[in-house]
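Right, one structure below, let's go through it.
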Amino acid sequence: MSNEPSKPGINFIRNIIDNDLKNNPQNNRKWAGKPMPHSEFKGSTEQDTVAIRTRFPPEPNGYLHLGHAKSICLNFGIANDYHGLCHLRFDDTNPVSENSEYVESIINSVRWLGFDWDNQLFYASDYFDYLYSFAIKFIENGDAYVDSLSSDEIKDHRGTLTSPGKNSPFRNRAVAENLDIFEKMRKGNFKEECHVVRLKIDMESPNINLRDPVIYRIRHHSHHKTGKNWCVYPMYDYTHCISDALENITYSLCTLEFEDHRVLYDWILEKLVKYQIFENPLPKQYEFSRLNLTHIVLSKRKLVQLVSEKYVDGWDDPRMPTLVGVKRRGYPPESIKLFCDRIGVSKADSIIDYSLLEDCVRESLNNSCYRKFVIFNPIKLIIENYNEAEEFCDASNHPKTPENGTRKLPFSKELWIESTDFLVNPPKGFFRLFPGNIVRLKFGYVIECTRYEIDENGNPLTVYCRYFPDSKSGTAGSNKYKVKGNIHWLSSKHAIKCEINLFDRLFKSANPSGCDNFLTDLNQNSKVIVNALGEPSLAQTRKGDQFQFERHGYFIMDDTKNNGIPVFNRTVTLRDTWVKKNK
RNA sequence: UGGGGAGUCGCCAAGUCGGUUAAGGCAACGGAUUUUGAUUCCGUCAUGCGUAGGUUCGAAUCCUACCUCCCCAGCCA
């Protein structure tokens with residue numbers, strides 16, 4: 001129940017922060033209390049109230065997944081631990097693919113994980129005016145120009161990885177002309193693709209990001225926040241660093257693929273310092289390796305394909321690695337935070353075994369879930385010497401915490417047991433039911449298997465047994481029966497119907513992205529629906545309730561069908577050393 | 001064959017300025033407890049840090065060369 005906030009792991013980013021804080025304990029960062037360039041509050045001595053600021057900057061063009069969770073836990077976790085703040089900022093500079101539906105879902109998912117941004121919720125689009133005016137500064141200072149080459153021509157001029165690029169013929173356009181065209185771009189006088197604004201850096205740089213990157217393009221497209229106000233939109237590299245600086249971010253943490261963008265990040269901000277728009281210290285970008293997990297894909301393109309081509313039932317399909325998916329699967333937010341703590345943060349490419357995540361899920365569910373009896377594949381058990389009408393057995397709700405009480409399980413002559421708990425010819429070491437063997441019906445009586453009947457295919461149909469009246473759990477002397485096996489059971493006339501979704505890995509191989517076509521690696525049995533029987537108390541469950549079905553695993557109530565039958569999703573199985581041993 | 005990164009136990013991952021025994025977690029294996037073959041608890045688990053040389057009394061940590069893997073040529077982020 002009390003999931004201790006796990007200790008922050010040591011990682012290279014925390015080491016950097018520790019050193020920074022040690023070497024520069026006085027907090028000299030000025031901050032107007034809201035996003036603003038220093039030039040607008042010059043002379044003011046306002047200090048930031050917190051020592052560090054991080055940010056989680058999703059683009060609202062898709063659903064958050066476990067990879068984002070790593071970044072969220074890192075950014076919010078560090079902010080919490082250093083008594084700083086983590087901003088939630090939507091990087092919404094491309095109106096073509098973004099919308100507010102995604103914004104809402106992202107907000108919900110971050111909240112669901114349990115993080116709070118303390119009113120520091122921003123949008124890059126909030127900064128469009130600043131971004132535009134700073135672009136004018138770049139042009140005025142001869143650090144940017146309007147290029148009128150077509151996109152193909154720009155591509156041709158860019159050169160390749162091994163050969164330098166060539167200057168655009170428009171590179172030395174006069175400042176006044178640049179300003180004039182940019183103004184007209186903004187007014188909507190041009191079609192898309194006619195002009196772009198580019199930084200004037202170095203077309204021969206070995207780093208392609210420095211070969212005069214485009215910072216503004218024309219998009220005649222309505223924006224989810226700014227509507228029709230703009231038809232020129234800034235690009236990521238230009239926007240991100242400036243947004244960080246406006247928000248007084250100290251550590252801008254991103255994934256490895258942005259490593260060679262860092263010089264550009266610094267270049268832009270240093271120019272803005274020269275123009276006296278920002279002051280030092282500037283935000284610093286640090287990169288860490290993104291999350292990879294076995295048996296799943298995390299690339300946005302592939303996830304979209306799974307949904308749009310209906311390989312799964314939507315973004316919140318419990319097999320999806322989206323946060324809405326794992327929530328519906330029953331993974332608690334604590335388990336995801338635990339997982340993120342365990343995997344750590346580094347710069348090495350890695351692929352983490354999915355079972356590590358499952359282990360975290362079990363760990364966080366074990367203490368909190370009440371236990372229930374559910375039979376997946378029933379087989380009838382008849383107690384030949386039982387002649388009572390019925391009686392009740394006390395079953396504890398949780399084995400470790402008696403204070404959580406008990407429930408009454410009806411017991412009668414005719415029961416259901418799990419068909420896998422009875423074997424005619426058991427392998428060595430099997431200590432469940434087989435002819436002549438003794439087991440305890442958990443919370444009930446000890447029984448001895450006397451005989452069985454088979455159907456026309458030779459499969460066991462009914463198992464017969466006798467019980468020992470003085471063996472009832474909880475009664476004096478019942479412990480004199482020493483049994484190895486304890487199996488669960490249900491009184492056949494009291495059991496209720498339920499439907500269970502047995503989920504398994506979505507992909508068969510550890511690295512589906514390594515396949516020629518990842519779709520061929522889809523596990524056809526990733527979802528199996530079974531009609532099961534459950535104990536009577538399960539009739540009262542509500543959507544989202546989570547249980548451990550004893551000896552099976554953890555389950556979450558998904559819904560109630562029209563006919564009143566509850567549906568449960570399997571979150572994760574219990575660890576099973578017996579199955580493992582017999583594989 | 002340009003630039004930027006990474007290589008420490010099966011999977012992650014610590015390892016500030018070189019200093020006696022290379023953290024920790026997960027897995028695995030062994031054992032104890034257990035009315036879930038669950039949980040819990042104990043114990044074991046790298047003469048070795050991509051490879052080869054070198055510097056040093058001493059190197060995963062410094063130097064040199066090499067090998068392997070990842071990222072970058074969107075008017076995406």
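Here are the numbers for the structure shown:
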| quantity | calculated |
| --- | --- |
| Search result, residues across region A:75-92 that are buried (at least 21 other Cβ atoms within 10 Å of the Cβ) and not in a loop (DSSP other than H, G, I, E, B) | A:Asn75, A:Phe76, A:Gly77, A:Ile78, A:Ala79, A:Leu85, A:Cys86, A:His87, A:Leu88, A:Arg89, A:Phe90 |
| Filtered residues of region A:472-490 (kept if more than 40 Å from the chain's Cα centre (by Cα) and under 13 Å from A:Tyr445 (Cα atoms)) | A:Lys472, A:Ser473, A:Gly474, A:Thr475, A:Ala476, A:Gly477, A:Ser478, A:Asn479, A:Lys480, A:Tyr481, A:Lys482, A:Val483 |
| Failed item, numbered, when A:Ile136 is tested on (1) outside any loop (DSSP other than H, G, I, E, B); (2) of a type in the set (A, V, I, L, M); (3) within 11 Å of RNA strand B (Cβ to nearest atom) | (3) |
| Search result, residues across region A:189-200 that are assigned to a loop (DSSP other than H, G, I, E, B) and either within 33 Å of the chain's Cα centre (by Cα) or within 8 Å of RNA strand B (Cβ to nearest atom) (or both) | A:Glu192, A:Glu193, A:Cys194, A:His195 |
| Failed item in (1) hydrophobic (A, V, I, L, M, F, W, C); (2) surrounded by fewer than 20 Cβ atoms within 10 Å (Cβ to Cβ); (3) under 13 Å from the mean Cα position of the chain (by Cα), with A:Ala348 passing the rest | (3) |
| One residue from A:Leu338, A:Leu298 being surrounded by 15 or more Cβ atoms within 10 Å (Cβ to Cβ) and closer than 17 Å to A:Gly77 by Cβ | A:Leu338 |
| Count - residues of region A:411-438 that are buried (at least 18 other Cβ atoms within 10 Å of the Cβ) and within 9 Å of RNA strand B (Cβ to nearest atom) | 2 |
| Strands (runs of 3 or more DSSP E) enclosed by region A:201-284 - at least 2 residues per element that are away from RNA strand B (no atom under 11 Å from the Cβ), at pLDDT 95 or above and out of contact with any Asp or Glu (no Cβ under 7 Å at 6 or more places or on another chain) | A:251-255 |
| Extreme residue, farthest from A:Ser364 (Cα to Cα), among residues of region A:529-552 that are assigned to a strand (DSSP E or B) and either polar (S, T, N, Q) or within 21 Å of the chain's Cα centre (by Cα) (or both) | A:Asn531 |
| Long-range neighbours under 9 Å by Cβ, at least six apart or interchain, first residue of a type in the set (Phe, Trp, Tyr) within region A:250-265, second assigned to a helix (DSSP H, G or I) and within 6 Å of RNA strand B (Cβ to nearest atom) | none |
| Positions within region A:488-536 being among the aromatic types (Phe, Trp, Tyr), within 16 Å of RNA strand B (Cβ to nearest atom) and either under 29 Å from A:Asn292 (Cα atoms) or surrounded by fewer than 19 Cβ atoms within 10 Å (Cβ to Cβ) (or both), in sequence order | A:Phe518 |
| Near pairs, Cβ below 7 angstrom, 6+ apart or cross-chain, from region A:549-577 (over 21 Å from A:Arg319 (Cβ atoms)) to any residue that is within 16 Å of RNA strand B (Cβ to nearest atom) and at pLDDT below 95 | none |
| Residue check, A:Ser109 among the hydroxyl-bearing types (Ser, Thr, Tyr) and surrounded by fewer than 16 Cβ atoms within 10 Å (Cβ to Cβ) | no |
| Test: residue in region A:140-151 that is in a helix (DSSP H, G or I), more than 9 Å from RNA strand B (Cβ to nearest atom), within 21 Å of A:Tyr127 (Cβ to Cβ) and touching a residue at least 12 places away in the same chain (Cβ under 8 Å) | yes |
| Residue that is nearest to the chain's Cα centre (by Cα), among those in region A:231-282 that are within 19 Å of A:Gly33 (Cα to Cα) and of a type in the set (A, V, I, L, M, F, W, C) | A:Ile249 |
| A:Gly43 vs. criteria small (Gly, Ala, Ser) and without any contact (Cβ under 8 Å) to a residue 12 or more places away in the chain | yes |
| Failed item, numbered, when A:Asn523 is tested on (1) out of contact with any Asp or Glu (no Cβ under 8 Å at 6 or more places or on another chain); (2) of a type outside the set (A, V, I, L, M, F, W, C); (3) touching a residue at least 12 places away in the same chain (Cβ under 8 Å) | (1) |
| Number of positions in region A:404-463 that are assigned to a strand (DSSP E or B), touching a Lys or Arg at 6+ places or on another chain (Cβ under 9 Å) and hydroxyl-bearing (Ser, Thr, Tyr) | 2 |
| Per-region count, region A:34-59, residues surrounded by fewer than 15 Cβ atoms within 10 Å (Cβ to Cβ) and farther than 16 Å from A:Tyr130 by Cβ | 6 |
| Test: residue in region A:160-180 that is farther than 27 Å from A:Asp266 by Cβ, modelled with pLDDT of 95 or more, more than 9 Å from RNA strand B (Cβ to nearest atom) and polar (S, T, N, Q) | no |
| Check on A:Arg301, free of Cβ contacts under 8 Å to residues at least 12 places away in the same chain, closer than 28 Å to A:Thr54 by Cα, within 13 Å of RNA strand B (Cβ to nearest atom) and not acidic (Asp, Glu) | yes |
| Qualifying residue in region A:466-485 (condition: crowded, with 19+ Cβ neighbours inside 10 Å and of a type in the set (A, V, I, L, M, F, W, C)) | no |
| Filter pass, A:Thr162 being surrounded by 20 or more Cβ atoms within 10 Å (Cβ to Cβ) and not in a helix (DSSP H, G or I) | no |
| Residue match in region A:511-525 (condition: more than 23 Å from A:Met320 (Cα to Cα) and part of a strand (DSSP E or B)) | no |
| Residue that is of a type in the set (Asp, Glu) and within 12 Å of RNA strand B (Cβ to nearest atom), where the choices are A:Asp91, A:Asp81, A:Asp118, A:Asp126 | A:Asp91 |
| Wholly within region A:301-403, strands (runs of 3 or more DSSP E) carrying at least 2 residues that are modelled with pLDDT of 95 or more and not charged (D, E, K, R) | A:378-383, A:391-396 |
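The values are calculated or read from the model by the stated rules, or taken from the named source; none is laboratory data. None of these values were measured; they are calculated from a predicted model. Every residue, glycine among them, receives a Cβ derived from its backbone with ideal geometry; neighbour counts consider all protein chains shown.
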